[in-house]
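Participant: Below are the structure tokens for one structure; questions will follow.
The values are calculated or read from the model by the stated rules, or taken from the named source; none is laboratory data. From a predicted model like this one, the values you see are computed outputs, not experimental measurements. In this analysis, Cβ positions are derived from the backbone assuming ideal geometry, glycine residues included, and neighbour counts consider all displayed protein chains. Accessible surface is based on the protein model in full, side chains and every heavy atom, while ligands, DNA and RNA are left aside. Shrake-Rupley method; radii C 1.70, N 1.55, O 1.52, S 1.80 Å.
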Amino acid sequence: MKAIRKKPGCAPEIIEVENTLKALQREVSGYIETVTIASDAVIICNEEGRILGLPDNCRVRGVDFVGTVLIVGTKGDEFCDVPAFFKMAVQHG
């Protein structure tokens with residue numbers, strides 16, 4: 001699925017990631033946690049990022065994130081391609 005990956009100290013990028021728990025955990029280097037940022041999008045981050053001392057990354061809607069994060073779309077309880085609005089924001093800086 002299409003996702004936006006934001007690594008600490010790097011610009012966001014659009015990537016293709018397999019829609020499996022294992023692939024998502026690999027991207028964020030650990031157990032995943034989701035934070036809803038829109039009715040059709042979530043941020044996936046490392047659930048234990050602060051405990052593990054992962055580097056500061058970004059702030060979204062008043063929440064500080066550490067480590068690598070992904071923004072993906074949601075359809076019901078399933079993850080899906082990141083919504084077009086988010087992709088356009090990344091592509092147009």
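Participant: From the set of residues in the stretch 7-53 that are within 13 Å of Thr68 (Cβ to Cβ) and of a type in the set (S, T, N, Q), which is surrounded by the fewest Cβ atoms within 10 Å (Cβ to Cβ)?
Facilitator: Applying the filter and picking the extreme gives Ser29.
Participant: Taking the stretch 59-81, which residues are hydrophobic (A, V, I, L, M, F, W, C) and at pLDDT 95 or above?
Facilitator: Phe65, Val66, Val69, Leu70, Ile71, Val72, Phe79, Cys80
Participant: A follow-up question, please. Mind checking which strands (runs of 3 or more DSSP E) fall wholly inside the stretch 1-76 and carry at least 2 residues that are touching a residue at least 60 places away in the same chain (Cβ under 8 Å)?
Facilitator: Ranges flagged: 2-6, 13-16, 69-75.
Participant: Let me ask something else. Does Asp77 meet the test of being in contact with a Phe, Trp or Tyr (Cβ under 9 Å, 6 or more places away or on another chain) and open to solvent by 80 Å² or more (accessible area, probe 1.4 Å)?
Facilitator: no
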